[in-house]
Structure formats: structure tokens, C-alpha cells
Amino acid sequence: MKKKLVFFIGGLNFGGMERVVFIASELLKKDYDVTIVTLYQTNKDYNIDIPLYDLNVPPSLGKVNKLIDFVKRLIQTRKMKKKLQPEIVFSFGMYSNYLNVITKRKEEIYTSIRSYDWLTKPFLTKKADKYIMNKFDYISSCSKQIANDAEKYWNIPKEKNMVIYNPYDITFIENKAREKVDDYEFNNEDFILISVGRLSEQKAFHHLIKAIALCKTEIPSIKLIILGNGELHESLHDLINALELKNVVTLLGGRSNPYKYMKKSNVYVLSSLTEGFPNALVEAMAVGTPVIAANCKSGPQEILFDDYKNLQIQEIITTKYGTLVPEMSGGNNFEANIFEDCDHQLAKGIIQVYQNYLESKTIANEAKTHIERFNYNNFKEKLIKFIK
């Protein structure tokens, strides 16, 4: 008899956390009786053949309505556990984590820490988050830095906290990268950079855009594509116009296949303030594109080195697998006439890769082999070990 395993998540729209749940459920459905439970489901992006159970409580506006939503979701979570009788409930996302802990019955409860922001930006309060996280039977972290700092911030016992890196289907990514691009003109004379992510404060695309402006003199042929949607689209669009980069920087919107754009670009750039384990960085490496990453918490160091080092980066470092630049500063400074030190450092890193591009391509070829360790088989083995 297979154990009943529930993956409990907000929804199934495109996103790093959702992607991991989708892959994990597919990989484990032969070993466990898997059900995915969502808080609400509208226009889901992942179509799966695994049983879905929807609590059907979409979010509302206003403090009173949000409190009512929480009570409704709490009631529906209790009903779900009573109906499904799961032996394990594996929750993803702090909202689902709270519900999972509060409604615990006889089942084991698991969670996964998916973002460094969870440690530094409390869902309720630091004390409440710490209490909730310590009620889980076991916790997985998507990076060593998150695991180490979770033990420090929340006093999570080391023995119940396992690191499980995100999974990647390298062959699938390579095949999708061969598809034709018909909505952007890739000119061999241009030096094209690309970045992928939600147009949000966390991704710090304003720093990247300012770095592009600083590179124009040294690299007249420079271009930038940003794939993603989000709340800062208008602000970024205005910054691009203010810096007179209308013909240089393109906000192309979200794309279901970013790999074909990565493959045709010269360099992938990660400018984030924080991450969990940056999927797009690994995916760019999978298609052989040289990468530049800001030294954010967490992920880039563990991807660009063989071992996690927890280095404080003050200058640009060329690693065996890519280029690491100092972290970006926080805050949304969209003033076109203000350039911070991190903007200059990022620009310097881009120019360095441009001037040594043959070396960067050689490094990128090494990186393709390096990221094989993040394959599906390793992920599945780790996941089963964690659950057992």
C-alpha cells in the first residue's frame, strides 16, 4: 500500500516553487499516492494528471476580508485532511505552512524553505514564524546558505533540516532551446544580454538597466532582453526612456519557453537582491550561455563554485563556471541620474566578460557539465531519502 502524500501549495501558476511541486509530484507518483492541494485555482499554468484538491478560497482585499479568508481556508484545510487522510502533508509557501501546522492531526508535516526572504521578511512576525517552522517534523532547504541561516534565525535543529537543490531536466531544456525565436531579432553584430524574472523589487532590474547605460560607451552594440511580467513594468519602462535606451533594452514580457532566448543571447545576467535557488541562472548554464550573477542570498555561490563558500564579495570574481559581482543594493531607486556603486560594479563585470568573451564561452562549456548534478534523478533520490 502506497503512503498518502499531499503537496500543499497556494496555486499552480508559473513560479519556482510551483515548478518544484509539479516536478516532485510527477517523480513520486509511482512511489506514493500523491495529491496536490491548492488554496485556490485560477488559470493554472501546470496541467497534470495527478489528483487535484482545491480549497477554493481565493484571496480578498481588505484586512477584515483577509482574516475571513484565513478562517475559511483553515476550515477547508481541516476538511481536506479529514477526507484525504494523508500520512504526509508537504506544504510549500508560508501561508500553507501556517495552515499545515495549525491543522496537524496524526500525519507527519513537512515543508521546504524556498526563498531567503522568508528568513528576513516575516510572514506574520519573526517570533510567530519561528514557532510555526519549529513545529514541522522535517524541513528541506533549497540551498546550503538558507539551511545554515534557518538554523541561526529560527533555531531549526540541524538534524531535521536537509538541503535539496532544485531539479532540472537538462535534455528538455536543450531541446526547447533549439526552437525558433520569431518575436525578437537576434543580430550577430549585437552583444545581447538577457535576464528572466518577475518585474519586482526582488529582481532589481533597475540596477541592470543602469549598468547597461554605463556600458554603452565601451560596448556600442550592447542590447538587453528582459523576460517577465510584474508590477514594476511601468517604472522600468520609464527608466529605459529616461536613460535613452529605448532601442537598447526590450521588456519582452513573460514567455513559456525562455530557453530559446537564452541560447541565442551572449550573456545571462542575474541582478537579484535575494533568491532561493535561481532557476533561470542554472537554465542559462544548461544551454551554454555565459553567466554573470550578483552575489545575492542565496544560490549563486553554490551554483558558480564546486562547494559552498559563503564569501563576502567586494570585487568581481571569475569562477570556474561564471562571473560573480558584488551584491546589489536594496530599494527602488529609479532616478535616471543616480548611479550606485553596485551599478558600476555590474557594468564592469559585463565589460570584462565582453572583452574576454572567448574565455567566457570556454567557461560556459565547463558549466554545462557542472550543472548535471542538479538533474531529476539526484533530486528524486534526495527527496525520497528526505521523506523516508
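The values are calculated or read from the model by the stated rules, or taken from the named source; none is laboratory data. Because the structure is predicted, anything quoted here is derived from the model rather than measured. Neighbour counts run over all protein chains shown; Cβ positions are idealised from the backbone, glycine included.
With respect to the conditions (1) touching a helix residue (DSSP H, G or I) at 6+ places or on another chain (Cβ under 7 Å); (2) farther than 22 Å from residue 348 by Cα; (3) of a type outside the set (S, T, N, Q); (4) at pLDDT below 95, residue 251 lacks only one, and its number is (4).
Among the residues making up the stretch 314-371, a single one is of a type in the set (Asp, Glu), part of a loop (DSSP other than H, G, I, E, B) and crowded, with 19+ Cβ neighbours inside 10 Å: 327. Counting the residues of the stretch 107-138 that are free of Cβ contacts under 8 Å to residues at least 12 places away in the same chain and either under 24 Å from residue 383 (Cα atoms) or among the basic types (Lys, Arg) (or both) gives 2.
Note on the stretch 236-262: among residues that are loosely packed, with under 14 Cβ neighbours inside 10 Å and not in a loop (DSSP other than H, G, I, E, B), the one that is nearest to the chain's Cα centre (by Cα) is 253.
Does residue 229 qualify as being over 20 Å from residue 330 (Cβ atoms), assigned to a loop (DSSP other than H, G, I, E, B) and of a type outside the set (D, E, K, R)? Yes. For the stretch 185-218, the set of residues classified as surrounded by fewer than 16 Cβ atoms within 10 Å (Cβ to Cβ) and closer than 14 Å to residue 264 by Cα consists of 185, 186, 187, 188, 189, listed by residue number.
Does the stretch 175-196 contain any residue that is modelled with pLDDT under 95, within 24 Å of the chain's Cα centre (by Cα) and over 16 Å from residue 350 (Cα atoms)? No, the stretch 175-196 contains no residue that is modelled with pLDDT under 95, within 24 Å of the chain's Cα centre (by Cα) and over 16 Å from residue 350 (Cα atoms).
The criterion of being part of a strand (DSSP E or B) and in contact with a Leu (Cβ under 9 Å, 6 or more places away or on another chain) does not hold for residue 209. Of all residue pairs spaced 6 or more apart or on separate chains, those with beta-carbon atoms under 6 Å, a first member in the stretch 11-39 that is of a type in the set (Asp, Glu) and a second member that is at pLDDT 90 or above and assigned to a loop (DSSP other than H, G, I, E, B) are 33/2. Run down 146, 226 and say which single residue is closer than 21 Å to residue 112 by Cβ and either modelled with pLDDT of 95 or more or in contact with a Phe, Trp or Tyr (Cβ under 7 Å, 6 or more places away or on another chain) (or both). The unique qualifying residue is 146. Condition first: in contact with a strand residue (DSSP E or B) (Cβ under 9 Å, 6 or more places away or on another chain) and of a type in the set (D, E, K, R). Can you find one or more residues in the stretch 62-72 that meet it? Looking through the stretch 62-72, none of the residues is in contact with a strand residue (DSSP E or B) (Cβ under 9 Å, 6 or more places away or on another chain) and of a type in the set (D, E, K, R). The set of residues in the stretch 221-248 being more than 19 Å from residue 347 (Cβ to Cβ) and either hydroxyl-bearing (Ser, Thr, Tyr) or in contact with a strand residue (DSSP E or B) (Cβ under 9 Å, 6 or more places away or on another chain) (or both) consists of 227, 228, 229, 233, 235, 237. Of all the listed residues (254, 276, 288, 228), the sole one being in contact with a Gly (Cβ under 7 Å, 6 or more places away or on another chain) and more than 30 Å from residue 149 (Cα to Cα) is 254.
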